Amino acid sequence: MLVFCAVWTVGALYADTSGQEFLKTALMPTYAPFFVGGMGLYLVYRFGHDAFAWGVVAVGFLLGQRYAVQDLVAPKHMDVFHHRTQFAVIAIVALGFAAVAAVTLVPWIARVEWRWLTTAGALTYPFYLVHEHLGWVVIGKAREHTDLSAGVIFAGTVVAMLVLAWLMHRLVERPLAPLLKRVLSRPVGG
């Protein structure tokens, strides 16, 4: 896994500077650091505190900061939905990494078993799939057709994306999971 993290990181950095759209799409340079950092935290959790695993986390964190600041800072002079300072972007990324590290590595937090956390965990992937692209469409339409404040539009969009993620989980993932498991469990050639 360490080799995979290193190869993906180097490949993503190359893709970012290559000018080749296929490589950028395949290796996701702006998102790879967050996945790699999460894998590093899993390695720390699974195998203990190791300099290589923590190095993977650190590289993911630092590159994630770089891409987040590059892509998300929106000063007051820009015409955007919501203005964001460099400090705010860095703080949010740092808090995200700290939260994942806490739930992964702090024993009393990792043992928390609230029922709603299972649902929240089940919604993470469908939410990941829909939140950004569809979210921006909803935000754009709401800004175009309503006089609601940015905060209300943002909160409403998050709720709408969570509802959509829940519907995807209930109507697509849950019904198809047993079928997919059977298909993938068959012996090759059987």
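Where a number appears in this text, it was derived from the coordinates with a stated rule and is not lab data. None of these values were measured; they are calculated from a predicted model. Please note: Cβ atoms are built from the backbone with ideal geometry, for glycine as well, and neighbour counts cover all protein chains shown.
Ordering of 179-186, 44-51 by packing is 44-51, 179-186, highest average first (other Cβ atoms within 10 Å, averaged per residue).
Classify region 1-112 as rounded, prolate or oblate from the Cα gyration tensor: take a ≥ b ≥ c as the square roots of its eigenvalues, call it rounded if a/c is under 1.5, otherwise prolate when a/b beats b/c and oblate if not. Taking the square roots of the gyration eigenvalues as a ≥ b ≥ c, region 1-112 is oblate. Over all other residues within a Cβ to Cβ distance under 13 Å of Thr9, the charged ones net out to 0, with Lys and Arg as +1 and Asp and Glu as -1.
What is the projected area of the convex hull of the Cα atoms of region 113-190, averaged over all directions, in nm²? Working shown, then result.
Numbers: hull surface 30.1 nm².
Average projection, Cα convex hull of region 113-190: 7.5 nm².
Along the axis of the charge dipole computed for the chain (Cβ charges of +1 for Lys and Arg, -1 for Asp and Glu, origin at the Cα centre), the listed residues Gly121, Met1, Pro33 are led at the positive end by Gly121. For the chain, the membrane-span-like helix rule (DSSP H, alpha carbon extent of at least 20 Å along the helix axis, mean Kyte-Doolittle at least 0.0) picks out 2-18, 32-47, 51-72, 86-105, 115-145, 150-168; this says nothing about an actual membrane.
Report the charge-dipole magnitude of the chain in Debye, nearest 20, computed about the Cα centre from +1 at each Lys and Arg Cβ and -1 at each Asp and Glu Cβ.
Values: 14 positive and 10 negative charges, 125 e Å.
Taking the Cα centre of the chain as origin, the dipole is about 600 debye.
Summing +1 for each Lys or Arg and -1 for each Asp or Glu among the other residues whose beta-carbon sits under 10 angstrom from that of Pro126 gives 0. Close amide-amide hydrogen proximity is noted between Arg84 and Ala74, each under 5 Å apart and 5 or more residues distant or on a separate chain (H modeled in the peptide plane; Pro and chain starts excluded).
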